[in-house]
Amino acid sequence: MSFDDSPVTVVLGPNGNGKSTVTHALACAFQPVVDGENYKFSSFFTPNPDALWQGSRLEITHSYREGVNEHKRKIVEYTKRTDRWCPRYARRPSRDVFYIGIDKCVPLIESESRAARINYSTETIEEQLISTILDKASHILNRHYSAFNIHTSSGKKFIGVESNELKYSALSMSAGEQRVFYILGKIFRAGKNSLILIDEIDLLLHDNAMKKLIEVIRERASAKNLQIIATTHRETILAQENLINIRHIVIKSGRSLCFSETKPDAINRLTGSQPRPIEVFVEDDLAAAIFKKIASQLKGVKYIVVERYGAAINCFTAVAGLLLGGEDCEHSLFVLDGDLYKSDREKRKYIEALLTGTDQRSTEYRSIALSKISQFELPDAMSPERYLHSIIVSINDEANDEHVEIIDCAREINSVDDDYKYIDDLLCRIGWDREVGLSKIIDLVAISDQWPGYIASIKDWMRQQIDEMTETL
């Protein structure tokens, strides 16, 4: 897992896939320089009857500075071969580390054991840093904070604030409010080059507050050369991947994998909904069945949605309408059956009639539109239904028992008064539901020698799109 590129990294993944393990391991990997916390591996990886942690191994590659000397990409290995972790804690690299766990989400009132009146003394803190924290908290929580206090009761200290002439302590704070002040306190008081680890940064915060918190910590991390690593389940963090690193971790086949790009499968793991970012627009249900077969061969059906636009002439209206509506059509393809508007000259004629103008935007739209229109490779003067029928009746040795029935029925159809009936009559003879029947017919056509040439240009585009959507290490 790499943390390069941005000073802030957020790790996403389903429950139980290792997000917290990453932050726990990093918390133990350094000894403090000045004010940092000093965690031991036993703080998080406590031996117990089910897990002694023997045989565990962790390798960190890091860069650091000692005075004027800068050390680049030094490797440190941590292992537990017997009862002790190596290297010894005193030999760990030095770096101030601060860990913020989910225990900081518990409202103070819920951890307070006293039920009687709680008396405390109050001290108002007026240092410049506190003023900054109040400003940032006001921005994050959309509430004006005017003062910050430290309360003391029975030797215990806890915070308090003043907002809109209301003065209250952490005993009366909401859990999310309390945690925001805790996180801000750690981040704004941490020294240069510190590592700050935040488990479940989204916990108890609504989306807008979390978004603003990320912006604040990213700004502070850049200013003070901090490194901040957080975990979350909240997929809305993806809207900020221009500011921060996003890392997805998932267990597959017993291995923990890390992906640096957000692909549809990552969204599915987090939300339970499968994004289908590849859009294909076709004339009819026959073309839709062909596309689903191509996608199946490329193992990418789950990434694709197929829409029908009807008559071939509507292809040009569809692509022009989407472009004029602000769509970039990056993952869209508009497919003609191949019997009409075959040449680039014909396509350009209809595109220019819809996307008029001499300005640069209109010129760009026309270029994009032409590049987004493709077609199946049909012989001249032949409809797709007639061509597919000719392929089916020519198939011999490759057919299985189910395919033989399709072939025999197709051979009984020698002449029709409309080319569409080559397929319609075949479906009628066998008695299949149309969607099921088209799928079975295309399965048969796909074993023929003519299939690769018929779908060649479409399949190349599809392969490129599906490769972009597939998670790779």
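The values are calculated or read from the model by the stated rules, or taken from the named source; none is laboratory data. Keep in mind it's a predicted model, so treat the numbers as computed, not measured. Note: ideal-geometry Cβ built from the backbone for every residue, glycine included; neighbour counts use all protein chains shown.
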Filter segment 323-338 down to the residues that are assigned to a helix (DSSP H, G or I) and in contact with a Cys (Cβ under 9 Å, 6 or more places away or on another chain) and list them by number.
L323
Being within 16 Å of L197 (Cα to Cα), in a strand (DSSP E or B), within 24 Å of the chain's Cα centre (by Cα) and of a type in the set (S, T, Y), is that true of even one residue in segment 6-24?
yes
Elements of type strands (runs of 3 or more DSSP E) in segment 241-299, at least 1 residues being of a type in the set (V, I, T) and within 30 Å of L58 (Cβ to Cβ):
245-252
Filtering segment 300-313 down to residues that are among the β-branched types (V, I, T) and not in a loop (DSSP other than H, G, I, E, B), which residue is surrounded by the fewest Cβ atoms within 10 Å (Cβ to Cβ)?
V305
Hits in segment 177-199 - residues which are without any contact (Cβ under 8 Å) to a residue 60 or more places away in the chain and closer than 17 Å to G101 by Cα
E177, V180, F181, L184, G185, I187
Answer yes if at least one residue in segment 289-299 is farther than 30 Å from P14 by Cα, modelled with pLDDT of 95 or more and of a type in the set (V, I, T), and no otherwise.
yes
Single unsatisfied condition, H248 versus (1) closer than 19 Å to H331 by Cα; (2) touching a helix residue (DSSP H, G or I) at 6+ places or on another chain (Cβ under 7 Å); (3) crowded, with 19+ Cβ neighbours inside 10 Å:
(1)
Among the residues of segment 230-245, the number that are crowded, with 19+ Cβ neighbours inside 10 Å and among the polar types (S, T, N, Q) is 2
Can you tell me which condition L438 does not meet? The list is (1) outside the structural domain of A288 (by TED's automatic domain parsing); (2) without any contact (Cβ under 8 Å) to a residue 24 or more places away in the chain, and all the others hold.
(2)
When restricted to I466, I442, the only residue more than 30 Å from R247 (Cα to Cα) and either surrounded by 14 or more Cβ atoms within 10 Å (Cβ to Cβ) or more than 41 Å from the chain's Cα centre (by Cα) (or both) is I442
Assess whether K192 counts as being over 30 Å from V301 (Cβ atoms) and either in the same structural domain as Y120 (by TED's automatic domain parsing) or out of contact with any strand residue (DSSP E or B) (no Cβ under 8 Å at 6 or more places or on another chain) (or both).
yes
Selection within segment 339-377 - within 30 Å of D419 (Cβ to Cβ), part of a loop (DSSP other than H, G, I, E, B) and among the hydrophobic types (A, V, I, L, M, F, W, C)
L340, F376
When every residue in segment 1-16 that is at pLDDT below 95 and under 25 Å from G254 (Cα atoms) is compared, the one surrounded by the fewest Cβ atoms within 10 Å (Cβ to Cβ) is N15
Pull up segment 71-117, narrow it to residues that are in a loop (DSSP other than H, G, I, E, B) and surrounded by 15 or more Cβ atoms within 10 Å (Cβ to Cβ), then point me to the one that is modelled with the lowest pLDDT.
P107
